[in-house]
């Protein structure tokens, strides 16, 4: 369970400038909950390879996080703040984003049982696993389905989501997938409740929780401007954002910023 931020812009932009200083500080303050590591991925230009940095430290106390957030790293990217699912270690191998062959992936949710998720993977996909998380297995399924679709990313992502919705209808599939040419934003979680009981162990009241966490933890918002498309998890509670419809997956073209909704994903 985590926080996500994704952006596609016309020019290299820092994460601080994507959100603005005050909203960046609010987003970073979500590490009061999401304190189990952080990661960023970006393209310096449209034809540049994906770069990524991850850390198992709390972002709010890791100087590298703020140093990178201040830099205009690229024209597109994503940020992930991790809240580790109970029982899964806080370690570099379990820290998002997971990367491979120019792709970077970050997930907000929990898919269980993990063993059944791993059963959806080919022998070749399982051989690439490095850590313990359901999220990494989700990533490997996406990559596997894209490969099986002969590199057709939209078709591959849609196929992976069809499998996951069928096999794990009560899981949050919220995620960002940065590819060499697209940013996919996945908001599929309509059967999942906010993790209120886990949050109540950290806060004295629902009112003390970050914005929307008690009731809309898995909500995602978007914002389209003249030169950018932004996607973010709940918790910011700022003006100018629009709620993403339930059970939606879209792809954003990195070159044109065109937003295309994927073929509707049938809910089981």
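Restricting attention to region 144-154, the residues that are over 19 Å from residue 247 (Cβ atoms) and either crowded, with 18+ Cβ neighbours inside 10 Å or within 19 Å of the chain's Cα centre (by Cα) (or both) total 3. Residue 76 passes every criterion in (1) under 24 Å from residue 237 (Cα atoms); (2) at pLDDT below 95 apart from (2). Across region 75-95, the qualifying residues are those that are part of a loop (DSSP other than H, G, I, E, B) and in contact with a strand residue (DSSP E or B) (Cβ under 6 Å, 6 or more places away or on another chain), and the one among them that is nearest to residue 11 (Cα to Cα) is 95.
Looking across region 239-268, just one residue is crowded, with 16+ Cβ neighbours inside 10 Å and more than 28 Å from residue 43 (Cα to Cα), and that is 265. Looking at region 180-197, can you tell me whether even one residue there is modelled with pLDDT under 95, over 30 Å from residue 46 (Cβ atoms), over 18 Å from the mean Cα position of the chain (by Cα) and buried (at least 21 other Cβ atoms within 10 Å of the Cβ)? No.
Name the single residue that is farthest from residue 174 (Cα to Cα) among those in region 212-225 being in contact with a helix residue (DSSP H, G or I) (Cβ under 9 Å, 6 or more places away or on another chain) and surrounded by 15 or more Cβ atoms within 10 Å (Cβ to Cβ). Top of the filtered list is 214. Test residue 141 against the criterion of being within 19 Å of the chain's Cα centre (by Cα) and within 17 Å of residue 103 (Cβ to Cβ), and give yes or no. So residue 141 fits the description; yes. Under 6 Å between Cβ atoms, at least 6 apart or on separate chains: pull out the pairs that start in region 199-228 with a residue that is within 15 Å of residue 34 (Cβ to Cβ) and end on any residue that is in a helix (DSSP H, G or I). Once the first residue is within 15 Å of residue 34 (Cβ to Cβ) and sits in region 199-228, its partners that are in a helix (DSSP H, G or I) give 209/199; 210/30; 213/199.
If the condition is being surrounded by fewer than 18 Cβ atoms within 10 Å (Cβ to Cβ), in a helix (DSSP H, G or I) and in contact (Cβ under 8 Å) with a residue 24 or more places away in the chain, then region 103-125 contributes only 116.
Taking the conditions (1) part of a strand (DSSP E or B); (2) buried (at least 16 other Cβ atoms within 10 Å of the Cβ) in turn, residue 236 satisfies each one other than (1).
Pairing residues of region 238-255 that are on the phi > 0 side of the Ramachandran plot and in contact (Cβ under 8 Å) with a residue 24 or more places away in the chain with residues that are outside any loop (DSSP other than H, G, I, E, B) and buried (at least 16 other Cβ atoms within 10 Å of the Cβ), at Cβ distances under 8 Å and at least 6 apart in sequence or on separate chains, gives 247/187.
Against the criterion of being touching a strand residue (DSSP E or B) at 6+ places or on another chain (Cβ under 7 Å) and over 25 Å from residue 258 (Cβ atoms), residue 37 qualifies. Considering region 244-260, the residues that are under 16 Å from the mean Cα position of the chain (by Cα) and in a strand (DSSP E or B) include one that is farthest from residue 180 (Cα to Cα), namely 248. Note on region 84-102: residues that are at pLDDT 95 or above and buried (at least 21 other Cβ atoms within 10 Å of the Cβ) amount to 5.
The values are calculated or read from the model by the stated rules, or taken from the named source; none is laboratory data. Since the structure is predicted, the reported quantities are computational estimates derived from the model, not experimental observations. Neighbour counts run over all protein chains shown; Cβ positions are idealised from the backbone, glycine included.
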